[in-house]
Structure formats: structure tokens, C-alpha cells
């Protein structure tokens, strides 16, 4: 039987079927975007099931046809950041602690990364120990488009992707496929969308390993890996300006497309994103990166560009953000460094 985790909300549904705990994010009209209630409920059920010997595996999915999770509730972030940022920092803190829980979960944790999986959706799935993508998967860390910086431990994965593929994904914010996700280290297994119901039934009947053996197939070639020749060269520059110049100087259409996309993003956000991914490469654990994320996000909550980016893309939908600083040249090293300053309530795992 499917039920809400507690009597407080039906936005996270759970059931246990013959030892397999199923979690369904249940805000389909919002593509299951995470809010404070959902994050708190997810954390509590994972704690309970990890300790429960009757639960041998967990499966995470999203309700509806559009995807697992489109990210966090950015409208709530907008209103909080306009006020004082307290509520949105509370949300991020709980969210990042949850992402750490997912990364450390001691039992098989199968994340069905079907359809749209972006931002916070990556946080609750791509750190799991068994990550499944499909032919409909559309994965992204699109934060720079709203004046924000890739968070939820995304930089841990981005910094460890082959070559400069992670920097390309971080600075453009462009979506990538399930096959790309496997190549980049965001996922492990490829199961056709049409087979997901049979796959999950097999997990209950025969266990995770057997279900994968019978339903996972070889993914198609990664289109991003096929473009590493220009991606690795162009993203080797020290600054975003250097990277843009290299992309503009390349004769491939995709390089020009990437340059055009980056040029529309928040100058401070892409500058901080570049630094965040490079710093994450030197951090040892997911928890270290999540601690960095909380510092960076806390600074973002005080920034002009986060509020302005959400306004332009989500609230007014004029798609015409007025970034400040307005150009990459106006972003200083001190501006970037300020995003990484410790905060009074640093995360503790």
C-alpha cells in the first residue's frame, strides 16, 4: 500500500513491498520540485529505513510522466531571498545534509533518473549507489541561468567527469542525456523507459543485482564524449573570458552554441561556478563539497543575481535579466573569493 511518510504531507509517498522501500516524489505538476517539507520527510524515512532490518533496498522515483525532479522550489527561494534569505538557507542546509545521507546510505539505493533530473533532483539521485538512467533522461545543473551556482554536491561529480565535460555542463547549464550521464559519472546503468515497471518489479522479486542483469542494456554512445576534442581544449583557459574566447575561436557549431549560451548567463555565477568546480576537484569527499556548496549558496542568497535571475526566468518570464556585474570583465577575483568564505553555521556531517 502506498502512503504518505507522515500525516503531514502527501508530497512524498512511501511503501514497502516485500522488503523493498519505494519513495515517490509526488508533486507532478511542479515536476516534483523539492520543498522544505519534502526534504525533511525524505531525510526521516531514509534514517528509519536504514535502521530497519526488514528493508533491504530503496527505490526512488518521481510521480507523473515528466521526470524524477526538476530541482528545488525556486519561487520559494525567490521570495525568501528578497526578504532576508533565512528560509532558503534553512532549506539548502537541510537539502545538502540529505544529499550527504543519500551518498552514505548503507543499503542498495536505486535512483530512477527518468525524464527531467535537474539541480536538487541530481542531489537526491546522482549520489546514490545505484543510479539508473533511461532514453528519456534529461539531466542538468542549470543554476547559472538564474544567477545561482551548481550546488547539491554537483561539483563533486562535475569535477570528476572526464576531461572538461564537467566544466562544459556547469558553465552552459545545458542538459545532457542518460548516455552522457553514465559517461560523466552521474549514473551507472541504462534501462529503457518502457522497461522501468518490469525492472522495479524484478527488484522486489529477485533483488537489485538480478534486476539489473535482466533489464539494463548497453547505453548508446555519448554525444558529449564524442566532442571532447574541442571541449577539453576550449575549457582549459584560466578564466571564463579565456574559455569564451577559445570557444568563439573554434570552428565547430557546438562550440559556438556553447559560447552563445554561456554569454547569456550571470557573469558572477559562471565565474564562481568555474572556481567551485576547480576547488571541488581538490576536495576529498562529497561532504567537503557540500560544505563548500552551503557557503557559496549562502553568499548567493545575498546576491543581486539570484533574485534577478529567478525574476527574469520564472516570475516575470521576460527572459531579460539585468546582471550585476553586467560583464565578465567587471567580475573581480575578490568578488569570486567572497562566495567561498566560511559561514557561522557551516555544515557538520
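The values are calculated or read from the model by the stated rules, or taken from the named source; none is laboratory data. As the structure is a computational prediction, the values presented were derived from the model and not from experiment. Backbone-built Cβ (ideal geometry, glycine too); neighbour counts: all protein chains shown.
Numbers for the structure displayed
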{"quantity": "Those residues of the range 202-217 which are touching a helix residue (DSSP H, G or I) at 6+ places or on another chain (Cβ under 7 Å) and under 11 Å from residue 132 (Cβ atoms), in sequence order", "calculated": "203, 211, 215"}
{"quantity": "Failed item, numbered, when residue 34 is tested on (1) surrounded by 24 or more Cβ atoms within 10 Å (Cβ to Cβ); (2) on the phi > 0 side of the Ramachandran plot", "calculated": "(2)"}
{"quantity": "Residue 55 vs. criteria in a helix (DSSP H, G or I), surrounded by fewer than 19 Cβ atoms within 10 Å (Cβ to Cβ), touching a helix residue (DSSP H, G or I) at 6+ places or on another chain (Cβ under 7 Å) and in contact (Cβ under 8 Å) with a residue 12 or more places away in the chain", "calculated": "no"}
{"quantity": "Qualifying residue in the range 252-259 (condition: out of contact with any helix residue (DSSP H, G or I) (no Cβ under 7 Å at 6 or more places or on another chain), part of a helix (DSSP H, G or I), at pLDDT below 95 and surrounded by fewer than 14 Cβ atoms within 10 Å (Cβ to Cβ))", "calculated": "yes"}
{"quantity": "Count of residues meeting criterion [without any contact (Cβ under 8 Å) to a residue 40 or more places away in the chain and either surrounded by fewer than 16 Cβ atoms within 10 Å (Cβ to Cβ) or outside any helix (DSSP H, G or I) (or both)] in the range 206-216", "calculated": "5"}
{"quantity": "Count of the range 217-238 residues which are out of contact with any strand residue (DSSP E or B) (no Cβ under 7 Å at 6 or more places or on another chain), in contact (Cβ under 8 Å) with a residue 40 or more places away in the chain and either surrounded by 17 or more Cβ atoms within 10 Å (Cβ to Cβ) or part of a helix (DSSP H, G or I) (or both)", "calculated": "7"}
